[in-house]
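Enquirer: Quick one: structure below, then a few questions.
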Amino acid sequence: MKPLFHRKFFLIFFLLAAMFAGTSSLAYAGNQPDPSGTKTGTIADVPAATPGQPTLQEIGDAVGHNRVAINFMWTLITGFLVMFMQAGFAMVEAGLCRAKNAGHTMAMNFMIYPLGMLGFYVCGFAFMFGGVGAIGTMGGYSGLNHELTTTLFGKPFGLIGLKGFFLQGSGYDTAAFALFLFQMVFMDTTATIPTGAAAERWKFSAFMIYGCFIGSVMYPVFGNWVWGGGWLSQLGTNFGLGHGHVDFAGSSVVHMQGGVIALIFSWLLGARYGKYNKDGSINPMPAHNIPMAIIGTFILAFGWFGFNPGSTLAGSDLRISVVAVNTMLASAAGALASTLWMWWFRTKKPDPTMMANGMLAGLVAITAPCAFVSAGGAVIIGLVSGILVVESVFFFDRIQIDDPVGAISVHGVNGAWGCLSIGLFADGTYGDGWNGVAGTVKGLFYGGGLSQFWAEVIGVVTCFVTLSVLSFVVFKIAEVIVGNRVPRDVELEGLDVPEMGIAGYGGIVLDKASETHHPRG
C-alpha cells in the first residue's frame, strides 16, 4: 500500500504542476512584465530622433540597457558557478561515506537538483520573492509586489510572497527569471546539505518526499523573511535594530537552514548501526575516498566565487572584489585553523577530512559578512570557524548525533557564527540603505553598538526554531507514507544494491568490520 500511495503522491504533484504551468499570463497595470527583455533598462517615452542623429535620451537608453545587461550576465554566470557546486557536494559526501553507500549518496545529491528546482518553480519562488518589490539592479522591475502581511505590535510583519507561481503572470519577466535561476541554485545548496548528515541509512523514497517539500515550502519561508522583504529584514525600520537581520549571501538563509534540517533528520533517524557501542564509546567509520572529498572541497571553494560575489546581483557593484578576497581569506584561515587544532589538541595528526571541513566552515561563516568586513575581519572569522567545526564535530559525536560528513557542524554551527559575526565585525564601509535603513552596516567593534548584533541573534534563533518545526513535520509525513530508515539488513549490506539496484563501484569487496554492534538510542 505504501509504495502505491507513494507513486500516486508524485503523480498528483507533477500533474498539478503541468496543469497550472499552462495558465495564461495576467497583466498588472503599472508593473508590466517584460518577457522579451527589450524594455528592461530603458528610459521611458523616448522621443523620436532625427534619422542618423541619436538623441541624448537614446544614448542614455543604450547606456542604461548595457548597465543592466552587465548585471544580468553577472548574475547568470555566477548562478552557473553555484550550480556546479552540486558536483562538489556530491564528491565530498560520497567520499566521506563508506564505499558500499557511494552510489546511494551520489544519487541523492543528483536527484535533489531536479526535485528542489521543480518545487521552487511551482510555488517556492513565489513564496520567497513574490513580495520582494523592485529588483533594482536588473532594471527595477516591481511586478513581484504582493507580500502577505500581518500587524503585530503596531508594525507590519511580512510573512510570505504571493506572486510568481509557475513563473507566470508577473513572474514572466526577464529580471524575475534571472533572479529565479540564481536563487534556485542557492536553494539547491540548502537542499543537499541534509543528504550528507542522513547518509547511509535514509530511504531513497523518504528522501524523494523531502525533496518535494524543501524547494516548495521549507526553504522559502525563512528565505522570505530575510531576503524577500519579510519581517526579519524589517527589524531595523520597525524596531531600530540595526539594518534588520542582515545576511549578504546566505549563512543563515542557505547554510544554517540546511544544517538545522540535517540536525533534526540525523537525530530522528538515529545513529548508523555500529557507530556507538552499548557503553557509549564511538567506533570510527572512516571515509572511503579521501581524494574524492578533497577534490569536491576545491570544487565547492571555486563555486563559492559565484555564491558570495554573485549575491550583489550586479557586476557593476565594484564591492565584488572585496567580497571575493574576503571569501578566499576566510576559507584559507578556516582550513589552517582546523588542521592545527586537530594536530595540536585533538588527534595529534593533521586530519585531511578536517582540513576539508575547516575550509568549508570558513566559506560558510564568511558568506553572511563577506561584503561588510575588512580582510582582517575575514581572517578572524575564518580562524574561529576552523576551531568551531572541529569542536562541534566532537560535541555531536559525544551526544550520539551521527553525522557522517560533519554537515551539521560545517553548515549549521558556522552558518550561525557567520551571521553573528556581522554584529561584531561589520566595519561601516558598505551597506548604506540596506533593508531600507539609512547609513552603512556597523558592528560592535566598529562603533555600531549591540543593535545589529541583536538583529542577527533574532534571525539565528528564528531560523533554528522555524526549520526544526518544519523538519519534524516533513519527517513525520515521510514516516507515515514510506518510513524513513532502511531495514537493518539493508544498512549492513550497503544501500547501493538494495535501494538503487546497482553498486557504486563494480566488484568491490565491502568491509563490514565493527558493524555488528548495536547503536544506542
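Only the coordinates and a few stated rules stand behind these numbers; no lab work does. Note that the coordinates shown come from a computational prediction; the quantities given were computed from them, not determined experimentally. Cβ placement follows ideal geometry from the backbone for every residue including glycine, while neighbour counts extend to all protein chains displayed.
Enquirer: Work the Kirkwood hydrodynamic radius out for region 230-367: mean of 1/r over every pair of different alpha-carbon atoms, inverted, in Å.
Expert: 17.7
Enquirer: OK, next. Where does helix 290-307 land angle-wise versus the long Cα axis of the chain, in degrees 0 to 90, nearest 10?
Expert: Result, in degrees: 20.
Enquirer: Order of Phe110, Phe177 from fewest to most other C-beta atoms within 10 Å?
Expert: Details: Phe110 15, Phe177 18.
Lowest count first: Phe110, Phe177.
Enquirer: Let's see if you can work this out: charge +1 on each Lys and Arg Cβ, -1 on each Asp and Glu Cβ, no other charges. What is the dipole magnitude of region 95-242 about its Cα centre, in debye to the nearest 20? Before the final figure, lay out each step's value.
Expert: Details: 6 positive and 4 negative charges, 83 e Å.
Here region 95-242 has a charge dipole of around 400 debye.
Enquirer: Mind ranking 378-391, 395-408 by how tightly packed they are, going by the mean number of other C-beta atoms within 10 angstrom, highest first? Intermediate results must be reported in sequence, preceding the final value.
Expert: Numbers: 378-391: 24.9, 395-408: 21.1.
Ranked by mean Cβ neighbours within 10 Å, highest first: 378-391, 395-408.
Enquirer: Through the Karplus equation 6.51 cos²θ - 1.76 cosθ + 1.60, θ set to phi - 60°, convert the phi angles of region 424-437 into ³J(HN,Hα) values in whole Hz; use x for Gly and Pro.
Expert: 10, 10, 4, 9, x, 9, 8, x, 4, x, 4, 6, x, 9
Enquirer: Packing-wise, with mean Cβ within 10 Å as the measure, how do 311-317, 54-60, 111-117, 484-490 rank, highest first?
Expert: Details: 311-317: 19.7, 54-60: 13.3, 111-117: 21.3, 484-490: 15.4.
Highest-to-lowest ranking by the protection proxy: 111-117, 311-317, 484-490, 54-60.
Enquirer: Using only the alpha carbons of region 424-465, determine the length spanned along each of the three principal axes and report them from longest to shortest in whole angstroms.
Expert: 32, 22, 12
Enquirer: Give the span of region 362-501's Cα atoms along each principal axis, as three whole-Å numbers ordered largest to smallest.
Expert: If we take the Cα atoms of region 362-501, the spans are 59, 29, 28 Å.
Enquirer: Oh, and also: For the chain, just the Cα atoms, rotate onto the principal axes and tell me the three extents in Å, largest first.
Expert: 84, 55, 51
Enquirer: Let me ask you something else. Normalised by the residues of region 240-389, what does the relative contact order come to in percent, with Cα pairs under 8 Å and at least six apart?
Expert: This gives 29 percent for region 240-389.
Enquirer: Let me have the 222 nm mean residue ellipticity of the chain computed from DSSP H runs of 4+ only, each contributing -39500 (n - 2.57), with the sum over all residues rounded to the nearest 500. Before the final figure, lay out each step's value.
Expert: Numbers: 16 runs with 274 residues, N = 521.
After summing the helix terms and dividing by the residues of the chain, the value is -17500 deg cm²/dmol.
Enquirer: Tell me, what is the percent relative contact order of region 69-195, built from C-alpha pairs under 8 Å that lie six or more residues apart? Write out the running numbers ahead of the final one.
Expert: On the way: 167 pairs, mean separation 38.7, N = 127.
Computed value for region 69-195: 30 percent relative contact order.
Enquirer: Among Leu363, Ala293, Asn277, whose Cα projects farthest towards the positive end of the dipole of region 276-391, with charges put on the beta-carbon of Lys, Arg (+1) and Asp, Glu (-1)?
Expert: Asn277
Enquirer: In whole angstrom, note down how far apart the Cα centers of region 249-312 and region 437-497 are.
Expert: Their Cα centres are 13 Å away from one another.
Enquirer: Sort region 303-408 into rounded, prolate or oblate with this rule: let a ≥ b ≥ c be the square roots of the eigenvalues of the Cα gyration tensor; rounded if a/c is under 1.5, and if a/c is not under 1.5, prolate when a/b is larger than b/c, oblate otherwise.
Expert: Values: a/c = 2.85, a/b = 2.02, b/c = 1.41.
Taking the square roots of the gyration eigenvalues as a ≥ b ≥ c, region 303-408 is prolate.
Enquirer: Out of residues 5 or more away from Tyr141 or on other chains, whose amide H comes under 5 Å of its own, with H placed 1.01 Å from N in the peptide plane?
Expert: Hits under the 5 Å cutoff: Ile135.
Enquirer: Additional query: Report Rg (one decimal) and Dmax (nearest whole number) for region 161-232, counting Cα atoms only, units Å.
Expert: Calculated on Cα positions, Rg and Dmax stand at 14.3, 43 Å.
Enquirer: Next question. Which entries in the list Lys163/Lys203; Lys275/Lys348; Lys278/Lys349; Lys275/Lys476 go over 26 Å, if you measure between the two C-alpha atoms of each? Provide the component values of the computation, followed by the final result.
Expert: On the way: Lys163/Lys203 34 Å; Lys275/Lys348 22 Å; Lys278/Lys349 28 Å; Lys275/Lys476 24 Å.
Correct reply: Lys163/Lys203; Lys278/Lys349.
Enquirer: A further question follows. Any chance you could run the full-extension gain for Phe445 through Phe110? It's 0.36 nm times the residue separation minus the Cα-Cα distance, nm to one decimal. Present the calculation step by step, with values, prior to reporting the outcome.
Expert: Numbers: separation 335, 0.36 × 335 = 120.60 nm, distance 4.28 nm.
Result for the pair: 116.3 nm of gain on full extension.
Enquirer: Let me ask you something else. Order of 364-373, 271-280 by packing, highest average Cβ count within 10 Å first? Before the final figure, lay out the partial values.
Expert: Working: 364-373: 32.0, 271-280: 16.1.
The packing order, highest mean first, is 364-373, 271-280.
Enquirer: Find the relative contact order for the chain and round it to a whole percent, using C-alpha pairs within less than 8 Å whose residues are 6+ positions apart.
Expert: Values: 1116 pairs, mean separation 106.7, N = 521.
Once normalised by length, the contact order is 20 percent.
Enquirer: Out of all DSSP beta bridges in the chain, what portion is antiparallel? Express it as a percent rounded to 5.
Expert: Working: 11 of 12 bridges.
Antiparallel bridges make up about 90 percent of those DSSP assigns within the chain.
Enquirer: So if I place +1 on the C-beta of Lys and Arg and -1 on the C-beta of Asp and Glu, and nothing else carries charge, what would the dipole magnitude of the chain be about its Cα centre? I want it in debye, nearest 20.
Expert: Working: 25 positive and 28 negative charges, 202 e Å.
Here the chain has a charge dipole of around 960 debye.
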